[in-house]
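The values are calculated or read from the model by the stated rules, or taken from the named source; none is laboratory data. A quick note: this is a predicted structure, and the numbers were derived from the prediction, not measured. Methodologically, a virtual Cβ is constructed for each residue, glycine included, from the backbone with ideal geometry; neighbour enumeration extends over all protein chains shown.
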Amino acid sequence: MKTIIREIPAPPVNGRLIAVSDIHGYVHYLKGLLAKIHFSSQDTLIIIGDMIEKGPESLATVRFIRRMIRDGFHVSVSMGNVEQSRLADLIAQTSAADQRFLHTLQKDLTVWKHGLFLDMMDELGISPVSVSADNAAALKQSLLDNYRPEIEWLLNLPTVLTAGSFIFAHAGIPTDDLARLGSADAMECLKCDAFLLKDIRFTRYIVTGHWPVTLYREDIDSMRPIFDAEKHIIALDGGCALKAGAQLNALILPGSAADMSEAQFASYDDFPVITADHPQQARTATIHIRYFNCSVDILEELDDLVRLRLISTGQTFLAPKSLLFFHPGMPPQCDDYSDALLEVNTGDSLSVIKDTSIGKIVKKDGIIGWYLDPSAADI
């Protein structure tokens, strides 16, 4: 699949460039973020792929974005790897594509509980349990017939967007030479895990999503965008639908001629907010669990907490029991977790992610950690 590059029309005078990525069906986060930053008809919104899947309202997200465009707002959208993979299996008329389509439906139903095709089927009154290899092709055709405007719009999205010295691509790019980039395989831009860790530097500024920013850090659990001035890369993905403390991040530029030093960011989530009633000193994490290294042994269950051993290292740690999940034939696994204590001053605003018997896991300025009760022993 060839890389398609499209230039973003110049924003109106005094208009801002605002980029978001990886909405993943969290249309309420997108609406909340746009309201928070006072998005207007003078601004240009850039959406860098993965609008759909995993989150609660994929179809509604697509429709909201298309409605913004119809209403005259300046919105430019590029393809993400989930749009590409879902659409490829939908339009392909092969038994292999039908099997992948069925596998996606099953995973969306059992793991994520949501998905673009499930949204469409729900609207059509089609039960997922009625779908089989015998009627998968007919179901695909029904979705194509009933949702042709949405599907054709998604199919026609470009791979890469450009604006002045900025290049926007879902997962990254192999080169910022646009002539060479145009001949690259599109998947190099749509699925490039841990792009920020690659030994590559650019002349232009590259804005990406795809890889939740918290996966780049071992010292803290942070959902804040990462600005790498040396490599000229900005990573935006705040982990919507994937991470417990997720937020939708927006890069805000005063215009396409801006420098990275002029960039600002804003974020939105809907966690309940409390005011800190006692101070707490920061403590660096002693354990940092990520999905690619999360198999554990259960040592002890303590009401709503559990003492675990990370199998790969032998480290033991205390964590909320609700973070555990299980797959047949595999050891227990622990969701993303850090035992860091946040620095908190009395009066700070804290977003509550998880409440436990010894304190709360909270987020302050995009950084996640424990805020222990005054009477709690240290974890």
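Numbers at a glance
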{"quantity": "Thr275 being surrounded by fewer than 21 Cβ atoms within 10 Å (Cβ to Cβ), at pLDDT below 95 and among the hydroxyl-bearing types (Ser, Thr, Tyr)", "calculated": "no"}
{"quantity": "Residues of region 339-356 that turn out to be under 12 Å from Ile368 (Cβ atoms) and either touching a helix residue (DSSP H, G or I) at 6+ places or on another chain (Cβ under 9 Å) or assigned to a loop (DSSP other than H, G, I, E, B) (or both), as a count", "calculated": "4"}
{"quantity": "Unique residue being within 15 Å of Lys31 (Cα to Cα) and of a type in the set (Lys, Arg) when the list is Arg100, Arg67", "calculated": "Arg67"}
{"quantity": "All positions within region 130-161 that are over 19 Å from Met51 (Cα atoms) and either aromatic (Phe, Trp, Tyr) or within 26 Å of the chain's Cα centre (by Cα) (or both)", "calculated": "none"}
{"quantity": "Residue match in region 52-64 (condition: assigned by TED's automatic domain parsing to the domain that holds Ala241, part of a helix (DSSP H, G or I) and among the aromatic types (Phe, Trp, Tyr))", "calculated": "yes"}
{"quantity": "Tabulated pairs, region 157-175, first without any contact (Cβ under 8 Å) to a residue 40 or more places away in the chain, second among the acidic types (Asp, Glu) and not in a loop (DSSP other than H, G, I, E, B), C-beta under 6 angstrom, 6+ apart or interchain", "calculated": "Pro174/Glu188"}
{"quantity": "Residue within region 190-198 that is crowded, with 17+ Cβ neighbours inside 10 Å and over 21 Å from the mean Cα position of the chain (by Cα) present", "calculated": "no"}
{"quantity": "Whichever residue in region 177-189 is of a type outside the set (Ser, Thr, Tyr) and over 24 Å from the mean Cα position of the chain (by Cα) and, among such residues, is surrounded by the most Cβ atoms within 10 Å (Cβ to Cβ)", "calculated": "Leu181"}
{"quantity": "Ser322 vs. criteria polar (S, T, N, Q), closer than 29 Å to Ile252 by Cα, outside the structural domain of Glu218 (by TED's automatic domain parsing) and not in a loop (DSSP other than H, G, I, E, B)", "calculated": "no"}
{"quantity": "Search result, residues across region 22-79 that are hydroxyl-bearing (Ser, Thr, Tyr) and more than 21 Å from Arg224 (Cβ to Cβ)", "calculated": "Ser40, Ser41, Thr44, Ser58, Thr61, Ser76, Ser78"}
{"quantity": "Selection from region 1-28 of residues that are in contact with a strand residue (DSSP E or B) (Cβ under 7 Å, 6 or more places away or on another chain) and part of a strand (DSSP E or B)", "calculated": "Ile5, Arg6, Glu7, Leu17, Ile18, Ala19, Val20"}
{"quantity": "Flag for Lys31 being surrounded by fewer than 24 Cβ atoms within 10 Å (Cβ to Cβ), basic (Lys, Arg), assigned by TED's automatic domain parsing to the domain that holds Leu190 and in a helix (DSSP H, G or I)", "calculated": "yes"}
{"quantity": "Sole exception among (1) modelled with pLDDT of 95 or more; (2) surrounded by fewer than 17 Cβ atoms within 10 Å (Cβ to Cβ) for Tyr291, by number", "calculated": "(1)"}
{"quantity": "Unmet requirement for Val296, which otherwise passes all of (1) part of a loop (DSSP other than H, G, I, E, B); (2) in contact with a strand residue (DSSP E or B) (Cβ under 7 Å, 6 or more places away or on another chain)", "calculated": "(1)"}
{"quantity": "Matching residues, region 325-338, being crowded, with 16+ Cβ neighbours inside 10 Å, assigned to a strand (DSSP E or B) and not polar (S, T, N, Q)", "calculated": "Cys334, Tyr337"}
{"quantity": "Total residues in region 248-306, condition more than 26 Å from Lys321 (Cα to Cα) and among the hydroxyl-bearing types (Ser, Thr, Tyr)", "calculated": "4"}
{"quantity": "Inter-residue pairs, beta-carbon under 8 Å, first in a strand (DSSP E or B) and in region 303-317, second of a type in the set (S, T, N, Q) and modelled with pLDDT under 95, 6+ apart", "calculated": "Leu310/Asn293; Phe317/Thr286"}
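Residue by residue, here is whether (1) within 24 Å of Gly238 (Cα to Cα); (2) at pLDDT 95 or above; (3) not hydroxyl-bearing (Ser, Thr, Tyr) holds:
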position: Ala10; (1), (2), (3): no, no, yes
position: Ala19; (1), (2), (3): yes, yes, yes
position: Leu30; (1), (2), (3): yes, yes, yes
position: Lys36; (1), (2), (3): yes, yes, yes
position: Ile47; (1), (2), (3): yes, yes, yes
position: Arg70; (1), (2), (3): no, yes, yes
position: His74; (1), (2), (3): yes, yes, yes
position: Ser78; (1), (2), (3): yes, yes, no
position: Ala88; (1), (2), (3): no, yes, yes
